[in-house]
Every structure is written in C-alpha cells, then in structure tokens.
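Peer 1: Before anything else, here's the structure in question.
Laboratory data are not the source of any read-out in this text; all were calculated from the coordinates shown. Please read these numbers as outputs of a predicted model, since none were measured by experiment. Because the Cβ atoms are built from the backbone with ideal geometry, glycine has one as well, and the counts that use them run over all protein chains shown.
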Protein chains: 2
Amino acid sequence: MSDALTFIDTNLGRFREELNEFLRIPSISAKSEYDDETSRSAEWLASRMREAGLEVEVLATEGHPIVLGEWRGAGANAPTVLVYGHYDVQPPEPLELWTSPPFEPTEREGRIYARGSADDKGQLYMHVKALEAHLATSGSLPVNVVVLAEGEEEVGSPNLVPFVDAHLERLACDVVVISDTGMFAEGLPSILFSLRGLAYFEIHVHGARSDLHSGEFGGSVMNPGNALSQIIASLHDDQGRIALPGFYDDVVEWDAETRAQIAALPHSDDETREELGVAALAGEQGFSTLERLWIRPTCDVNGMLCGYTDEGAKTVLPNHAMAKVSFRLVPDQSGAKVKELLEAHLRNVTPAGVTWELKELHGGRPWKARIEGPYFDAAAEALEEAFGTKPVPMGGGGSIPIVVEFEERLHAPALLLGFSLPGCNLHAPNEWLSVENFEKGIGALALLYDKLGAHAAD
Amino acid sequence: MSDALTFIDTNLGRFREELNEFLRIPSISAKSEYDDETSRSAEWLASRMREAGLEVEVLATEGHPIVLGEWRGAGANAPTVLVYGHYDVQPPEPLELWTSPPFEPTEREGRIYARGSADDKGQLYMHVKALEAHLATSGSLPVNVVVLAEGEEEVGSPNLVPFVDAHLERLACDVVVISDTGMFAEGLPSILFSLRGLAYFEIHVHGARSDLHSGEFGGSVMNPGNALSQIIASLHDDQGRIALPGFYDDVVEWDAETRAQIAALPHSDDETREELGVAALAGEQGFSTLERLWIRPTCDVNGMLCGYTDEGAKTVLPNHAMAKVSFRLVPDQSGAKVKELLEAHLRNVTPAGVTWELKELHGGRPWKARIEGPYFDAAAEALEEAFGTKPVPMGGGGSIPIVVEFEERLHAPALLLGFSLPGCNLHAPNEWLSVENFEKGIGALALLYDKLGAHAAD
C-alpha cells in the first residue's frame, strides 16, 4: 500500500497534465453540436483506463457511450466495487463570466479552473489514478473493480438504467462508490447521508398567433410574459413554502439525531451570506440553511425567456414565454407526482387568454443513505488517514439520480464521498477543483480500495 | 388636381419599386451595428425628396440624422404644413417567424411584407409621392410644406425635441400632418382622437455574486428569476388593473360622447379573438376592448431573460434576471410620475435577498386631439374622396411621443391620419402594408394638400 501512495506522489505532475487533457474536451452532453467531442471524451478516458491496467470497452447507447473498465483479479471471494462517474459536463454559459476559458484548464491559487474539474471529470479521474497506483505497484487490487463512466449525467442519464438492466450480472457488486460530491469544508472530508431528487420542467405560455405591437394590442389581450410571471409567483407562498396543493404530503420528517448532526456542523449563515454576496439568505420558514439545502424540497427558476431581450426598447407584446423550472425533491417525493401536482396547479392558476404547455426535461429520485457497516467504516478510515481528520456526515442538496437506481437494481449500498469544496462553482462560471484535494483524494481512494478489501475480509 | 391624380395612377409601378428599395435598407435605430444602414436610409430618402422637387438637407444630430425637405412656393399667405414621419424601423427579431425576409419586400395577396412597410417608411413615402405628383404636374402646391423625417422614432426620439427647439422658425407651421397610424378597418379611413403615452423600463434583479448550482444552493437563497416573477405578478391586481398605488390618480375619465363614438364603431370581440388566435380577450374589468386599447393605461412585459434558455436542462440558479416592462399611458399621466410609483413599488415588493435596479429606456406623453376645424374638415374630405366613405374617429393604442411636443412647441394642431390596417403586424414578424392603401393613400394625401390650401383660404 505504501508503494501505491509513493507512486501517486511521484506521478502527480503527470496526473495533473492528463487531467488537463481530459478537461480540454468540451463534452457538453446537453448540446448535440458537441456530440463528437463527447464521444472523443469517452475514447480518451477509455485509453487512460486501459493504461491504468483495466480491461475497457466503450459501449454504445442510444445517446452518449458508456465507458466500462474492469479488473477482476481479486477473485470470487473478494468484494466487487462498482465505481460510477461521468465524463460529460454542463454547458459553460454565460461564457463572458469565466476568468479563463472553460475548456482551457488554468491553475490559480491552488485551484484548477475548468468546466468539469469538480463535476465530475476531476473526481472520476482520481479513481482511475488510484487504481493505476495499485496496479502499477503491486500488479493487483484487494477488490474486484468495475468502473462505469457515463456521458449523460448532466442530461438526466436517460440511457443508464436500461444499460444497468441489460448488464445486471456484469455490474453485480457489493458496494457502489461515487465521487461526484464535495467535502463539507476545506480539510473536512465528508460522507453523504442524502441527496435530493430532481423534477425539471419547461413551462411554456402561448398567447396570440404572433407577436403583437404592445401599443396596438396592449391592455386587450393577456400577455404571456405577465401570465408566466403570475404562474411562477404562484409556486411559492409567503412562508417560502411551495404552494402546489399536496406538495408536502410525501416529504418525510427527519429524525432528531440527523437534525442534531446537521445542527452540530460548523456553519455560519453570515459567512455564507458574505461569500454569496447577498444581503440575506432566504428559504422555507422554520428550517436552518443546511436543512433547507439537504432535507427540504425547493423550487427554482433555472431560466426564463420571453419577447425582446437585446439592446434597446422594442414595444412588442410577445406571444410566447418560457421558463425552465426545477424542483429539488426529498424522500419520499416522486417526480411523477410533482408533475401531476404542477399540471393541476397550471390548470388552476393560468389566466384566461393564454394556454400553457408543460415539458418534462429530466428528473431523479431523492436518496437516503445507510451510513453504517463495513463499507462505511472503510471509507471513514481512508478519509481520516488521507486528510488527517475524521469525516463528517453531510447531506447533498444536488441530485445524482442514478444512486437510488443502482441500489435497487444491484442490491448494493452506495457510498458517496467526494472532494469538491464549497464555492467551487458547480454548473456555474469558474468551476474549480482544489489541487490539494485532487492529490489527497487520489491517496484517499487508493486507501479506500485497500480498506474495502480488508473490511470485507473481517 | 386631376393631373396629379393621373400622374399617381401612371407612376404607381415606379413608386412601388422605389418603396421596395427604401424597405431593403435595414435602418434599425435601436442597434448600433446598423448605424451605417440607418444613415444610408436617410441619404436615400433625401435623394428621393430632392427628385420630388423639395429642397432637402440631411442634418446631423447626436444620434441618427434628420432629413428636412422644404417647398415654400405657396407664399406667406398660404398655410404651412409640417409633415412628420420616420425612416427608422423596429428590430425584426424573431427572424425565424418571418415568412419572407424582413428586409426583402415581398408581395403576397395584395400586401407588401417587410419591416417598415407600415411603420413608417411606407406611409412616409406616400407623402413624398403625393408631393411629387403635385410638383411634377403643376410645378406647384397650394400650401407650403416642410417634411421632417427622423431616424430615432423607434428609440424614443431622443434628439428630435432639441432639434425642434433649435429650428422653431424653420419648422413654424399651421398644422402638423402625421401618417404613422392605421385605419379602423379595411376600406374605413380614420382620423385619430388620441394616442397613448409610453414609459418603458428594464427591471433588473440581482442575487448572488455568481450563478449557483441549483442543487447546492436551491432553497437557501432568493432566486432572482422567482423574485422577478413575483415583482411582475404584483404589477396587476385580479381585476386587470395596474396595482401601483396612485397609478390611476392622473387618468382622465373620457366624456360620454367619445365613449359613445367608440361604442358605435364596428367591432367584434369574437372576430378579434379569432384573428389573434386566443381563447379569450383580457384586460381591465369595466371597459370594452376598444376602451382598453385607447383610453385606458396598461402594463406589459416586452421581454424577459434569466439563466439558461438553450436546449436541455441546466440546473443553474441564476444570479440575475431582467424584464423589459412598459406602461402605455393616457392623459394626464406622465412617465416621470409612473417611474416614481414603480420605484416605490419595487422597494415594497422586492423580496429580501435580492436587489433591484430600474433603467428607464424611453417614454412619451399621451395625446388628446382637437378633432374639429378647417384642417380636420380638409382631412375628412380628402379621405372620403379617395376611399369613397366618410372617415371615422378612432383612438390610438400606440405612442407617437413627438405629437404633443410638436403641438406645444409649434402652436399648431396635429392631424393624424394613416393607412395601415388592423393585423398588419407592427413591431412583429411579417409586418405588411396593403398595396391598395399605399396607392389610394398617395391619392388621399395629394387631395389633402389641395384641400388644406383651399380650407385655409375659406
């Protein structure tokens, strides 16, 4: 094991250069004009995984391909670890807000700035390098490993569940390890106890046959922009709660222990406020900020477009308005139910004179972890050894829809430990990954593989 | 006079070709990248006005130039007519909704489709051709004429009032004639009794320092998109009235006679609904559709932009949202007062955790006409003779801010008679002008010049 850690230390420079190569490929899964780059990203990753010592296949799906790497030398008695990650990234817009170009990784103040550095290429690549460290030094691993890297996580993983269902035997495992999350704070490694689900929609409001002159028609027809605003405003009440009737029916109340653990974490609303540059935090009355993020659902506008938005004053009465609106869900909410509630609400609140249309873009189920047992212990030890401090349990405000699907289909628990840091601009301009976490994280993962083998043998 | 009308008949083909040339120049005043084209449009117009027999200057302003054409051969005892129009046009977006390109005039079913065909190049050019018809046939006009064509009407005429103030003697006149409006219906010529004013704003809502991940932060901060929707929704009450406290204080109630004239016009809500393709009309309770359009103020979203609006699902919590919102004003409202009321309202309703910013884009005062006297009689006769039916009085829902300014500064009444038709897509894709109205309108204007001279001599 110490050989593997030495190997990592010795090769960090090369690992960094390789990561930069990976980050330079604009594998934007949401945009079809980047399909070739997304494929190239998969092939590039497959080559590096082969060099690390895995047997690798790039498997076509109806969308972007899945890269599957395997090493099964630990034998039938050793546990099998399924490592899941994704090589696709979010669109980088708005480009003008990036200090350095999104697909030209740039180091500043100990951070690697690039789209995908934290989410998830950087973290996925840490696993590849941890595996390489073992295989290059001892020629072996204490566990069997299957690495599954998909290229559609950022568009809702439409082809992953069918893929899992079609390869249940090949993917059979004892534990699923995912590094696509963050640490609670710098120097404070963390293991996740929850993830929120997602129900992402486009609401379209249609008015007249064509755009109208706002002078010639203003006041006599319902304006889709005004109507859409009314609709969106009606999604919350004045307590910051989501106003769809029945929305909270399936929201589980968390146990006092978890809420106490959350309350015990080092968190300052004032610091968060200052970091974000806002005068006040906001949200659902009766819950703390971390509770609002981790154990309560929410509803956000992700985008909105209507009429004329360029320079100057165009006196148009637009005939169409669109908003991208997403709900973060908590156990036991389901996207299908939320869609029904939203449709019922749209029928109720949409003013006369316009029509609505609801498009479901993607969704994912919320998740609640089992944070105990040998795999959890292995992770806790590996993180403590690599970072010099015990990991804390934390919730995840984001969504990794596949987690629940893996657990149900493979009958294996998921272990979520990641290395991005608060403020790392996930899905925003200037996304970054800490250089220190990239380096310590590879060590932590190498230790994790070691301890997963040891704990399973207990 | 009959020579002039014969001349018009004979030259209609050439007039049409010239108009097409005029319409091909994309003189989009709101967009600085079209500044050269806007200038070219002014020069082109000046050349045609010279050919018509006017003395013409293209006068620089701080923005787009003003084209001034003069013919003063009628002598000091004849009345002087100031003809006002504009050679700039609205932006053509959204381009994909145009059946034929906006700057490639195309005739279909008796209509000339092009940006500016109705608003206002086509109508302005009709005046030029009516003047040419007189000067080419009799070498003279019964009135002195000053034609003032500006290139900034679509951006609020920022340099026109200073220009008028600087040229009061040169622009001195007995009546201002403007053809930048429409007829109440096909075959039914009209003279305007009112115009609404305009107060056009951009409301910006700012949140965190940068865009955030909607999973990592959703539920803990106020979303500018949601906040903007709340703000816009709060601008109306459930009676369709504008909910800014004090907004209606300066709205004059119109007299019973005018309301009776409005009620007597041939109008069908059902037909309007069907033409527009909406299930219901909307607006302020207690007023008819025409009243809502002509004598009541309104508030419309003209554009809205926030976050990610491209293909796919980006889970971003945007840090900025913008709406273009404009109010149509009626006598005696003022844009300055509305701005104050809106600012007070924004202070009241903007939720904690975001900040607002209000930009005033442009405005214009509402207008109420004097529809009696010799000039009105001249217009009524000219229209009846050209179209074979008495003109009706109608209100204007749109704004021509300069009308009030002309009247006040030049101490002359404004006479608004125009030739566009309902449904002609002003400020929208597929703007058109009726070929028949272009042709009859030139005749009507030639008759108008004749009768303005005759009535003044009464």
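Peer 1: Against the 2.2 N^0.38 Å scaling, with N counting residues, where does the protein assembly as shown land? I'd like the Cα-based Rg ratio to two decimal places.
Peer 2: Details: Rg = 34.0 Å, N = 916, 2.2 N^0.38 = 29.4 Å.
Dividing the Cα radius of gyration by 2.2 N^0.38 Å gives 1.16.
Peer 1: FRET efficiency for A:ASP377 and A:ASP238, Cβ-Cβ distance as r, R0 = 45 Å, nearest 0.05?
Peer 2: Values: r = 46 Å, r/R0 = 1.02.
So, using R0 = 45 Å, E works out to roughly 0.45.
Peer 1: Can you give me the Cα centroid spacing of the stretch A:309-354 and the stretch A:408-429 in angstrom?
Peer 2: Centre-to-centre (Cα) distance: 29 Å.
Peer 1: Something else about it: How large is the convex hull of the Cα atoms of the stretch A:33-156 per residue, expressed in Å³ as a whole number? Each step should come with its number before you reach the end.
Peer 2: Details: hull volume 14.9 nm³, N = 124.
It is 120 Å³ per residue.
Peer 1: Just checking the output field for B:270-278: average partner chain Cβ neighbours within 10 Å of each residue's Cβ? Don't skip to the answer; put the middle values down first.
Peer 2: Numbers: counts 0, 0, 3, 3, 1, 2, 10, 6, 12.
Taking the mean over all residues of the peptide, I get 4.
Peer 1: May I pose another question? Just the number, please: percent antiparallel of the DSSP beta bridges in the protein assembly as shown, rounded to the nearest 5. Walk me through the intermediate numbers first.
Peer 2: Working: 103 of 147 bridges.
Just about 70 percent of them are antiparallel.
Peer 1: Right, another one. Within chain A, what percent of beta bridges assigned by DSSP are antiparallel, to the nearest 5? It would help to have the intermediate numbers written out before the result.
Peer 2: Values: 49 of 71 bridges.
Antiparallel bridges make up about 70 percent of those DSSP assigns within chain A.
Peer 1: Can you list, bin by bin at 10 Å, the percent of alpha carbon pairs in the stretch B:331-458, starting at 0?
Peer 2: 10, 28, 29, 17, 10, 5, 1
Peer 1: Based on the alpha-carbon set only, what is the convex hull volume of the stretch A:104-254 divided per residue, in Å³?
Peer 2: On the way: hull volume 44.4 nm³, N = 151.
With only Cα atoms used, the stretch A:104-254 gives 294 Å³ per residue.
Peer 1: Go ahead and estimate [θ] at 222 nm for chain B from helices alone: -39,500 (n - 2.57) per DSSP H run with n ≥ 4, summed, over the residue count, rounded to 500. Mind dumping the intermediate values first?
Peer 2: On the way: 13 runs with 163 residues, N = 458.
Rounded to the nearest 500, the figure is -11000 deg cm²/dmol.
Peer 1: Report the label-to-label distance for A:ALA454 and A:ALA344 in nanometres (one decimal), using points 7 Å from each Cα along the Cα→Cβ vector.
Peer 2: Taking the two extended label points, one gets 5.4 nm.
Peer 1: What are the DSSP H helices in chain B that stretch 18 Å or more along their long axis, judged by alpha-carbon atoms, and whose average Kyte-Doolittle hydropathy comes to at least -1.0?
Peer 2: Working: long enough: B:2-23 (29 Å, -0.28); B:35-52 (26 Å, -1.33); B:121-138 (26 Å, -0.08); B:335-349 (20 Å, -0.20); B:374-387 (19 Å, 0.11); B:435-457 (34 Å, 0.36).
Those that clear 18 Å and a mean of -1.0 are B:2-23, B:121-138, B:335-349, B:374-387, B:435-457.
Peer 1: How big is the stretch A:271-399 along each principal axis, measuring the range of its Cα positions in Å and listing the largest first?
Peer 2: Principal-axis extents of the stretch A:271-399 (Cα, largest first): 64, 35, 27 Å.
Peer 1: With the dipole of chain B worked out from charges on the C-beta (+1 for Lys and Arg, -1 for Asp and Glu) around the Cα centre, which of B:HIS134, B:ALA323, B:ILE112 lies farthest toward the positive end?
Peer 2: B:ALA323
Peer 1: Find every distance from the label point of A:ASP310 to the corresponding label point in the other copies (7 Å from Cα along Cα→Cβ) and write them in nm, one decimal, shortest first.
Peer 2: The answer, with the shortest distance listed first, is 1.9 nm.
Peer 1: Using the eigenvalues of the Cα gyration tensor, what equivalent ellipsoid semi-axes result for the stretch B:217-335 when each is taken as the square root of five times the eigenvalue, whole Å, largest first? Show your work: numbers first, answer last.
Peer 2: Numbers: eigenvalues 255, 73, 23 Å².
In descending order the semi-axes read 36, 19, 11 Å.
Peer 1: Provide the gained length on full extension for the span B:ASP3 to B:ARG50, in nm with one decimal, where the gain is 0.36 nm per separating residue minus the Cα-Cα distance.
Peer 2: Value of the extension gain: 14.9 nm.
Peer 1: About the Cα centre, and with charges only on the beta carbon of Lys, Arg (+1) and Asp, Glu (-1), how big is the dipole of the protein assembly as shown? Nearest 20 debye, please.
Peer 2: In total the dipole reaches around 620 debye.
Peer 1: Once you wrap a convex hull around the alpha carbon atoms of chain A, what is its projected area averaged over all directions, in nm²? Walk me through the intermediate numbers first.
Peer 2: Details: hull surface 91.8 nm².
That works out to 22.9 nm², a quarter of the Cα hull's surface.
Peer 1: At 10 °C and a viscosity of 1.306 mPa s, what translational diffusion coefficient does Stokes-Einstein give for the stretch A:85-139, taking Rh as the Kirkwood radius over Cα pairs? Give it in µm²/s as a whole number.
Peer 2: Working: Rh = 12.7 Å.
This corresponds to a translational diffusion coefficient of 125 µm²/s.
Peer 1: Another question, then. Take every Cα-Cα distance within the stretch B:143-229, group them into 5 Å bins from 0 onward, and report for each bin the whole-number percent of pairs it holds.
Peer 2: Histogram of Cα-Cα distances, whole percents per bin: 2, 8, 12, 12, 12, 10, 7, 7, 7, 7, 7, 5, 2, 1, 0.
Peer 1: What FRET efficiency comes out for A:ASN20 versus A:GLU385 if R0 is 41 angstrom and r is the Cβ-Cβ distance? Round to the nearest 0.05. Intermediate values should be presented prior to the final figure.
Peer 2: Values: r = 28 Å, r/R0 = 0.68.
Using R0 = 41 Å, I get an efficiency of 0.90.
Peer 1: Consider a paramagnetic label point 7 Å from the Cα of A:LEU265 along Cα→Cβ; state which residues of the stretch A:346-381 have an amide N under 18 Å from it.
Peer 2: Under cut-off, by backbone N: A:366-372, A:380.
Peer 1: Check cross-link reach from B:LYS368 to the aspartates and glutamates: straight Cα distance under 13 Å, and skip same-chain residues fewer than eight apart.
Peer 2: Result set, ordered by chain and number: B:GLU253, B:ASP255, B:ASP332, B:GLU405, B:GLU407, B:GLU408.
Peer 1: On to the next question. Which percent of Cα pairs goes in each bin when the distances of the stretch B:14-106 are cut into 5 angstrom slices starting at zero?
Peer 2: 2, 12, 19, 22, 17, 12, 8, 4, 2, 1, 0
Peer 1: Right, another one. Between the stretch A:173-216 and the stretch A:1-68, what is the separation of their alpha carbon centroids in Å?
Peer 2: After rounding, the separation between the Cα centres reads 25 Å.
Peer 1: Please report, to one decimal in angstroms, the Kirkwood hydrodynamic radius of the stretch B:1-64 built from all distinct Cα-Cα pairs.
Peer 2: Numbers: mean 1/r = 0.0741 Å⁻¹.
Value: 13.5 Å, from the Cα pair sum.
Peer 1: Mind checking which aspartates and glutamates have their Cα closer than 12 Å to the Cα of B:LYS314? Skip sequence neighbours fewer than 8 apart in that chain.
Peer 2: Excluding near neighbours in sequence, the set is A:GLU93, A:GLU153, A:GLU154, A:GLU202, A:ASP300, B:ASP211.
Peer 1: Treat the stretch A:194-235 as a sphere of radius equal to its Kirkwood radius over Cα pairs and apply Stokes-Einstein at 25 °C in a medium of 0.890 mPa s; give the translational diffusion coefficient in µm²/s, rounded to a whole number. Intermediate values should be presented prior to the final figure.
Peer 2: On the way: Rh = 12.7 Å.
D = 194 µm²/s.
Peer 1: For the stretch B:183-271, with equal point scatterers placed on the C-alpha atoms only and solvent neglected, what are the log10 I(q)/I(0) values from the Debye formula at q = 0.10, 0.13, 0.15, 0.20 1/Å, to two decimals?
Peer 2: -0.56, -0.76, -0.87, -1.16
Peer 1: Project the alpha carbons of the stretch A:394-450 onto their principal axes and report the range along each, largest first, in whole Å.
Peer 2: Its Cα atoms span 36, 31, 17 Å along the three principal axes.
Peer 1: In nm, one decimal, shortest first: how far is the label point of B:PRO162 (7 Å from Cα along Cα to beta carbon) from the matching points in the other copies?
Peer 2: 6.4
Peer 1: What average number of partner chain Cβ atoms lie no more than 10 Å from the Cβ of the residues making up B:203-214?
Peer 2: On the way: counts 0, 0, 0, 2, 4, 6, 6, 9, 10, 7, 11, 18.
Per residue, the average neighbour count from other chains is 6.
Peer 1: Please express the shape of the stretch A:337-396 as an equivalent ellipsoid: the semi-axes are the square roots of 5 times the eigenvalues of the C-alpha gyration tensor, given largest first in whole angstrom.
Peer 2: On the way: eigenvalues 447, 27, 17 Å².
Rounded to whole Å, the semi-axes are 47, 12, 9.
Peer 1: Alpha carbon centre of the stretch A:129-163 versus the stretch A:365-384: separation in Å?
Peer 2: Centre-to-centre distance over Cα atoms comes out at 18 Å.
Peer 1: Given the options B:PRO189, B:SER234, B:LEU290, identify the residue whose Cα lies farthest towards the positive end of the charge dipole of the stretch B:187-296 (+1 on Cβ of Lys, Arg; -1 on Cβ of Asp, Glu).
Peer 2: Going by the Cα projections, it comes out as B:SER234.
Peer 1: Determine the gain in length on full extension of the stretch A:ASP250-A:ARG209; use 0.36 nm per residue of separation and subtract their C-alpha separation, reporting nm with one decimal.
Peer 2: 10.7 nm
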